[in-house]
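Read through the structure below, which is laid out as structure tokens, and then see the notes.
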Amino acid sequence: MNKIAVYPGTFDPITNGHMDVIKRGAEIFDVLTILVAVRKEKNTLFSIEERLNMVKCATKEIKNVNVAVLDTLLVHYLKEHDIRFVLRGLRAVSDFDYEFQMALTNSELYPEIETIFIMSSRQYIFLSSSIVREISSYGGNVSNFVPKCVAEKLKTRRK
Ligand code: COA
């Protein structure tokens, strides 16, 4: 049976840190679906369509990866699609509390869920979407931090 996992996130925008998790996850699972969360409560820089398109563009070469929108509870999506595995990246100890809370809440709501954590590669431990947004908003060069199509898109959003 195929091992299918989802990798949910806001991806505002997707960074090379996320790409590291995606590439390594795609080697572990037969199919990896990246779920771009709508997150109405977050004031995102990019719209859901823009975030979705950036993730699609960044991952188009990875054969067993596909991309979808998450506009509901994660557990609802998982039940509806009969998926048990959730992939998340861990950068530092500071991520742990939040990730632990999410994993435990999700498994309370849907006990069959298994959350699998991939430890960030050393060069991406410091990286976050908000750092990328900040550097770019002041005209800084983000080409080492994000896929090429994301760097291009960020240039259109400078102050
Ligand atoms: N490399 C680089 N950055 C990383 C990273 C990695 N490996 N892992 C996380 N990050 C950063 C992101 O860039 C982002 O940075 P920012 O806060 O500076 O913008 C931050 O960590 C968190 O991002 P992300 O991984 O996208 O997670 P999230 O917290 O935005 O996503 C969801 C949370 C979408 C998974 C969660 O809210 C969810 O499942 N929502 C659906 C509704 C639901 O079910 N809610 C109940 C959940 S218990």
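Output the residues belonging to the range 95-128 that are in contact with a strand residue (DSSP E or B) (Cβ under 9 Å, 6 or more places away or on another chain), closer than 26 Å to L73 by Cα and surrounded by 15 or more Cβ atoms within 10 Å (Cβ to Cβ).
Those that are in contact with a strand residue (DSSP E or B) (Cβ under 9 Å, 6 or more places away or on another chain), closer than 26 Å to L73 by Cα and surrounded by 15 or more Cβ atoms within 10 Å (Cβ to Cβ): D95, E99, M102, A103, N106, S107, I113, T115, F117, I118, S120.
Does D95 meet the test of being near the ligand (Cβ under 10 Å from one of its atoms), touching a Ser or Thr at 6+ places or on another chain (Cβ under 9 Å), at pLDDT below 95 and not in a loop (DSSP other than H, G, I, E, B)? I'd like the intermediate steps shown before the answer.
On the way: near the ligand (Cβ under 10 Å from one of its atoms): yes; touching a Ser or Thr at 6+ places or on another chain (Cβ under 9 Å): yes; at pLDDT below 95: yes; not in a loop (DSSP other than H, G, I, E, B): yes.
Yes; evaluated as a whole, the condition is true for this residue.
Could you tell me how many of the residues in the range 27-43 are within 14 Å of the chain's Cα centre (by Cα) and within 12 Å of the ligand (Cβ to nearest atom)? Break it down stepwise before answering.
Residues of the range 27-43 that are within 14 Å of the chain's Cα centre (by Cα), as a first pass: 32-39.
Restricting the remaining residues to those that are within 12 Å of the ligand (Cβ to nearest atom) gives 34-39.
Here the count works out to 6.
Are any residues in the range 131-159 in contact (Cβ under 8 Å) with a residue 40 or more places away in the chain and either part of a loop (DSSP other than H, G, I, E, B) or over 19 Å from K23 (Cα atoms) (or both), and if so, which ones?
Narrowing the range 131-159 to residues in contact (Cβ under 8 Å) with a residue 40 or more places away in the chain: 132-133, 144-147, 149-150, 153-154, 157.
Listed by number, the residues that qualify are V132, R133, N144, F145, V146, P147, K153, L154, R157.
Report, ordered by the first and then the second residue, all pairs with beta carbons closer than 7 Å, sequence separation of six or more or different chains, a first member in the range 65-77 that is more than 8 Å from the ligand (Cβ to nearest atom), and a second member that is assigned to a helix (DSSP H, G or I) and hydroxyl-bearing (S, T, Y).
Close Cβ pairs (under 7 Å, with a partner that is assigned to a helix (DSSP H, G or I) and hydroxyl-bearing (S, T, Y)) amount to V65/T59; V67/T59.
From the list F126, F117, pick out the single residue that is at pLDDT 95 or above and within 13 Å of the ligand (Cβ to nearest atom).
Values: F126 fails: at pLDDT 95 or above.
Residue meeting the stated conditions: F117.
Out of the residues in the range 113-130 that are in a helix (DSSP H, G or I) and closer than 21 Å to A103 by Cβ, state the one that is nearest to the chain's Cα centre (by Cα).
Kept after step one, since they are in a helix (DSSP H, G or I), are these residues of the range 113-130: 122-124, 129-130.
Next, only the ones that are closer than 21 Å to A103 by Cβ stay: 124, 129.
Working: Y124: 14, S129: 10 Å.
The extreme case among them is S129.
Inspect all residues belonging to the range 62-75 and state whether any of them is within 16 Å of H18 (Cβ to Cβ) and assigned to a loop (DSSP other than H, G, I, E, B).
For the range 62-75, residues within 16 Å of H18 (Cβ to Cβ) and assigned to a loop (DSSP other than H, G, I, E, B): present.
Please tell me if K56 is surrounded by 12 or more Cβ atoms within 10 Å (Cβ to Cβ), assigned to a helix (DSSP H, G or I) and more than 14 Å from the ligand (Cβ to nearest atom). If you could, list the steps in order and put the result at the bottom.
Values: surrounded by 12 or more Cβ atoms within 10 Å (Cβ to Cβ): yes; assigned to a helix (DSSP H, G or I): yes; more than 14 Å from the ligand (Cβ to nearest atom): yes.
Yes: the conditions hold for K56.
The values are calculated or read from the model by the stated rules, or taken from the named source; none is laboratory data. Source: prediction; values computed, not measured. Here the Cβ is made from the backbone with ideal geometry for all residues, glycine too, and neighbour counts use every protein chain on show.
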